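The values are calculated or read from the model by the stated rules, or taken from the named source; none is laboratory data. Please read these numbers as outputs of a predicted model, since none were measured by experiment. Quick reminder, even Gly has a Cβ in these numbers, built from the backbone with ideal geometry, and neighbours come from all protein chains shown. In case anyone asks, the SASA skips ligands and DNA or RNA and just uses the protein heavy atoms, side chains included. Shrake-Rupley method; radii C 1.70, N 1.55, O 1.52, S 1.80 Å.
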Amino acid sequence: MKSIKMFAISFILFITLMLSQVGLAYAQTDLFSNEDGEYVLPADTDNRMFYLVQDEAGNKNVKLKVENGVMKVTFALTGTGYDYLRLGTAEEAVAADSSEYISYEEIDGKYTYTIEIPELDKELTLAAHAVKSGNWYEHKLIVYSSEEKKNEIEKEKKEEQAQEPEKKPEQEPEKKPEKEPEKETSDNPSSGTVRVDSSTSLKDGTYSCDTFGWSGGTGRLAYIKCNKITVKGGQAYAEIEFSSTSYDKVKASGNTYEKNGSGNSRFIIPVEMNVNNTISGRTSAMSSPHWVTYTIYPYIEGAEKTSAKKDVKTSSKEKEIEVTHAKLFKIYEYENGSRLLEIKQENEKNGVIKYLLVPEGVEIPAGSEKEMNIVHIPCQSIWTGAKTTALFMDKLDAEGVKSIFEENYVTPDFKSIVLNETKLAILPAGSIWGEDKQEELETIKTRFSTLGIPVIADRSMDEETDEAKAEWMKVYAALLGMEIPSDEVISEMSEGISWDDYAAGKVPAETEGAEDTQNTADKGSAKWPVYIVILAAAGLAAVYATVKKVKKNKRKSDGEK
């Protein structure tokens, strides 16, 4: 009898323990109780190009995490048209600092956001930033405290709509005659762009540009090209051509110019050589004539005036920095302090990746971004997945530079990256730059590109010799806007470095200077299933032992009888 009682007590304790754990898990993931914890709650949006991902049952749910009374919701959208969110109106988002923008994390191919909300059961206004247009749009989000509350709110809304009086159709307002547009005249500076100095050192004649670049517009125009440069009386005129027939006028140098001939839109305009020129073209391809602003860069060697050297000369490299051992990079310097960094790709047939390192205050030629990656230096906030980054920055005494290291660089913490105003991303090329990794690499680069952050490959560990590896210190010096160290200085700084440790993925303690942003906050909350398994196993073991003891006692009792 005593054994049976022990078995009953053990079994009841086991069941109670299991139910308490299951109940705790259920409380953390479903029912909202105004207490700190994690919940799954019903939610909805205005459903205007802003849709929540539904679960297998067709429900729209969000994850709510409450910590110290602060509520944060995590949800996924069906589309990928928005890259930032911010609680509040679109107008407030435009005026806000970029550190307030909430970026997405791509989970299972869906853009997933985590944002703090002030309350439940109330429609909240969210501003969403469109990737293509760059504009902010307002949407609504409501998170319900329960399914019952959701039904109650939706019922009240339907009742209110039913009680609203039927609106009478408004009479169409009387049409007023359209106002005649203001006449554009060549002597009216307000009708054109800022006047430029088109004088040049070139002799009168016709020339072809050594380099011509353009940028700006809405992204619909395939190209703007310069057919020729004509110099008359010491003044330079460019014949430019749009890849469209819809442009009928161009504003340039304070005047308005008409289209020449038929076919694609061609114009002859005065230009200042070897610098950026701002122009505006009027297109009729939209619902009404619309002015679009562009920047063009016409360059001919020797065409600039002696005082006109403002921009980087992309047609010729000024000075090549001596690289003694390394084979995978080259650095060139220009007169205005800019540098051109070339990094070879692992697959030789793919050539090199070019980075134009531009100091503050230096204007770059229009169209440069089409030929190379633009990096503004010095880079004061760097995200990196390369273990060698901290080493080089430590050896260079890069004070004031914020470096964030993430070992799991394939899925970066983009929220942290945005909040830290990151200006450059560095990837460990040896593990990801191979031909079989191109798709993965392009995905990561695209995500950073969405945030306007250039990506550089640290291929130091791919160099053949230790001296070549150490010479990548010159690359980091260039990125930090520092003087390029000599070979003697690099040799001294690299003493004591164990490159074998880095090749094996080990980072010496003295070089672990970069902040590690690996998020471990959720690890503890994920342990409760393990605890349940352990407790269940312990409970089953106790039950088994009790049953075994009962059977043993019964056999003993039967034997005595």
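Using the structure shown, list the pairs from 387/474; 370/469; 354/395; 225/319; 63/149; 72/132 with a Cα-Cα distance above 19 Å, or answer none.
In this structure, 370/469; 354/395; 225/319; 72/132 exceed 19 Å between Cα atoms.
Sort 71, 49, 273 by heavy-atom solvent-accessible area, probe 1.4 angstrom, most to least.
49, 71, 273
Computed over Cα pairs, the Kirkwood radius of the range 374-413 leads via Stokes-Einstein (1.306 mPa s, 10 °C) to a diffusion coefficient of 144 µm² per second. Note on residue 87: accessible area is roughly 60 Å² with a 1.4 Å probe, heavy atoms of protein only. For residue 472, the solvent-accessible surface computed with a 1.4 Å probe is close to 0 Å², ligands and nucleic acids excluded.
Near the amide H of residue 380, within less than 5 Å, lie no amide hydrogens of residues on another chain or at least 5 residues away, with H placed in the peptide plane. For the range 341-400, a simple Cβ point-charge model (Lys and Arg +1, Asp and Glu -1, everything else neutral) yields a dipole of about 260 debye relative to the Cα centre.
Pairs exceeding a 25 Å alpha-carbon distance, out of 65/140; 65/158; 140/402: 65/158; 140/402. Please compute, over every Cα-Cα pair in the range 233-277, the percentage with a separation greater than 16 angstrom. In whole percent, the share of Cα-Cα pairs in the range 233-277 beyond 16 Å is 38.
Solvent-accessible area of residue 197, all protein chains in place: 70 Å² (probe radius 1.4 Å, heavy atoms, ligands and nucleic acids excluded).
In terms of the mean number of neighbouring beta-carbon atoms within 10 Å, the peptides 360-371, 257-268 order highest first as 360-371, 257-268. At 0.692 mPa s and 37 °C, plugging the Kirkwood radius over alpha-carbon pairs of the range 113-162 into Stokes-Einstein gives what diffusion coefficient in µm²/s? Estimated diffusion coefficient is 254 µm²/s.
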